[in-house]
1. Return yes or no: is Lys209 open to solvent by 60 Å² or more (accessible area, probe 1.4 Å), within 20 Å of Ile53 (Cα to Cα) and either modelled with pLDDT under 95 or touching a Leu at 6+ places or on another chain (Cβ under 9 Å) (or both)?
2. Out of all the residues in the range 274-286, which are assigned to a helix (DSSP H, G or I) and either without any contact (Cβ under 8 Å) to a residue 60 or more places away in the chain or of a type in the set (S, T, N, Q) (or both)?
3. What number of residues in the range 32-88 are charged (D, E, K, R) and over 26 Å from Ile184 (Cβ atoms)?
4. For Arg321, which of the numbered conditions (1) at pLDDT below 95; (2) surrounded by fewer than 16 Cβ atoms within 10 Å (Cβ to Cβ) fails to hold?
5. I'd like the full set of residues that are within 16 Å of ligand 1 (Cβ to nearest atom), modelled with pLDDT of 65 or more and open to solvent by less than 20 Å² (accessible area, probe 1.4 Å), limited to the range 97-114.
6. Evaluate the following for Ile24: is it open to solvent by less than 60 Å² (accessible area, probe 1.4 Å) and in contact with a Lys or Arg (Cβ under 9 Å, 6 or more places away or on another chain)?
7. Hey, could you check the range 15-42 for residues that are touching a residue at least 60 places away in the same chain (Cβ under 8 Å) and not hydrophobic (A, V, I, L, M, F, W, C) and say which is farthest from Asp108 (Cα to Cα)?
8. Against the definition (open to solvent by 50 Å² or more (accessible area, probe 1.4 Å), assigned to a helix (DSSP H, G or I) and free of Cβ contacts under 8 Å to residues at least 12 places away in the same chain), how does Ile315 come out, yes or no?
Amino acid sequence: VKELIEVVRGRQRNGHRRATARLISLVENNPAAAREVIGALFASTGQAHIIGITGPPGSGKSTLVNEIAKQFRQLDTQVGIVAVDPSSPFTGGALLGDRVRMRDLSGDNGIFIRSMASRGNLGGLAETTGNVIKVLDAAGFEVILVETVGAGQAEVEIASTAHTTLVIEAPGMGDEIQSIKAGILEIADILVVNKADRPGSEKTVKALKMMLHMGDSSRVNHHGRKMVVLGQEAPPNPKEAAWQIPVLETVALDGQGVAQVVESVRRHKEYLRDSGEWLVRELARSRQEVRHLLQARFIAELESAVSESEREMVIAAVAARQLDPYSAVARLFDQAYV
Ligand SMILES: Nc1nc2c(ncn2[C@@H]2O[C@H](COP(=O)(O)OP(=O)(O)OP(=O)(O)O)[C@@H](O)[C@H]2O)c(=O)[nH]1
Ligand SMILES: [Mg+2]
């Protein structure tokens with residue numbers, strides 16, 4: 001592991017890719033190794049601009065990610081891509097499909113693509129994805145694009161821990177905007193209506209703009225959430241001018257509008273840096289991460305201290321209404337820590 005980390009951090013040409021791939025496999029598959037790898041790499045992270053791309057299934061996220069990556073490559077930026085696939089019970093072809101769609105980029109050493117299956121990774125998905133991103137960051141990938149389908153809590157969480165979050169919509173999916181239901185619009189820094197070649201694109205753009213205006217302009221992005229500052233004309237800190245969420249149209253199939261998306265992404269990074277929001281988000285992310293690991297650690301400790309049969313007995317008592325859930329937790333907690 002030490003050798004691999006040296007190669008990855010040293011960023012030499014020889015073996016860099018293979019070492020990166022091996023470290024990623026380690027953090028994905030082996031919790032003990034993950035701890036060692038992240039412990040050794042962490043000081044080298046924090047350089048990358050992490051960009052979340054989320055939105056309803058089939059809105060064109062992968063196609064757009066592909067195009068965005070190509071544009072960054074033209075600027076000679078090293079790009080990492082992490083695709084977190086939806087765990088569909090019907091098709092096993094999601095991974096392959098994404099690889100095929102991203103084929104333009106294979107063979108370019110300035111790009112690294114990793115698909116992650118959310119299946120069998122439940123609960124730990126956010127943690128594992130975060131670790132894969134850290135490996136890519138330490139390996140010198142300057143922009144990391146993280147595609148998630150806006151479906152589950154974990155996926156939304158992953159997208160919201162990015163520095164910049166793009167929410168991708170497509171027109172003609174009924175009159176409703178799908179992400180409203182899923183609640184993923186709230187995390188958007190940039191809105192993209194893809195498939196602008198299809199009818200109804202303008203209508204979708206209008207609907208999105210209207211929704212943005214409903215929240216009014218005295219709104220600042222805070223911890224990835226819109227914060228409405230009531231009764232205040234100007235933002236509290238003049239340096240922290242509110243970010244205006246752009247609504248952009250693209251045709252990812254032929255690259256139309258993608259340059260504007262990349263431009264907005266770069267402007268958003270500047271905004272984050274200039275306003276101090278970058279640090280705010282880093283802090284929010286670190287808080288969330290430490291909290292999650294603490295929770296996992298507490299539960300693991302408890303489960304090793306109290307046998308499964310004992311835990312099941314307490315749970316059965318709750319089901320039989322002999323014990324209320326709060327008392328059950330108190331009892332398990334006491335057994336573990338007293
Ligand atoms: N007409 C049109 N089709 C597009 C456009 N962008 C993507 N598509 C097509 O839409 C389909 C879905 O594209 P993907 O990029 O796989 O969408 P996705 O959001 O990544 O899908 P999931 O990862 O399965 O949620 C593919 O058949 C694409 O070729 C576009 O701008 N216009
Ligand atoms: Mg996709």
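1. On the way: open to solvent by 60 Å² or more (accessible area, probe 1.4 Å): yes; within 20 Å of Ile53 (Cα to Cα): yes; either modelled with pLDDT under 95 or touching a Leu at 6+ places or on another chain (Cβ under 9 Å) (or both): yes.
Yes; evaluated as a whole, the condition is true for this residue.
2. Restricting attention to the range 274-286, the residues satisfying the condition of being assigned to a helix (DSSP H, G or I) are 274-275, 277-286.
Asp274, Ser275, Glu277, Leu279, Val280, Leu283, Ser286, listed by residue number.
3. Taking the range 32-88 first, the residues charged (D, E, K, R) are 35-36, 61, 67, 70, 73, 76, 85.
Now restrict to residues that are over 26 Å from Ile184 (Cβ atoms): 35-36, 73, 76.
Qualifying residue count, the range 32-88: 4.
4. Among (1) at pLDDT below 95; (2) surrounded by fewer than 16 Cβ atoms within 10 Å (Cβ to Cβ), the lone unmet condition for Arg321 is (1).
5. Within the range 97-114, Leu105 is the sole residue that qualifies.
6. For Ile24, the condition - open to solvent by less than 60 Å² (accessible area, probe 1.4 Å) and in contact with a Lys or Arg (Cβ under 9 Å, 6 or more places away or on another chain) - is met.
7. Step by step, filter the range 15-42, then rank; the result is Glu28.
8. Numbers: open to solvent by 50 Å² or more (accessible area, probe 1.4 Å): yes; assigned to a helix (DSSP H, G or I): yes; free of Cβ contacts under 8 Å to residues at least 12 places away in the same chain: no.
In short, no.
The values are calculated or read from the model by the stated rules, or taken from the named source; none is laboratory data. All of these numbers come straight from a predicted model, not from anything done at the bench. As a convention, Cβ positions derive from the backbone with ideal geometry for all residues, glycine included, and neighbour counts pool all protein chains shown. Just so you know, the surface numbers come from the protein's heavy atoms only, side chains and all, with ligands and any DNA or RNA stripped out. Shrake-Rupley method; radii C 1.70, N 1.55, O 1.52, S 1.80 Å.
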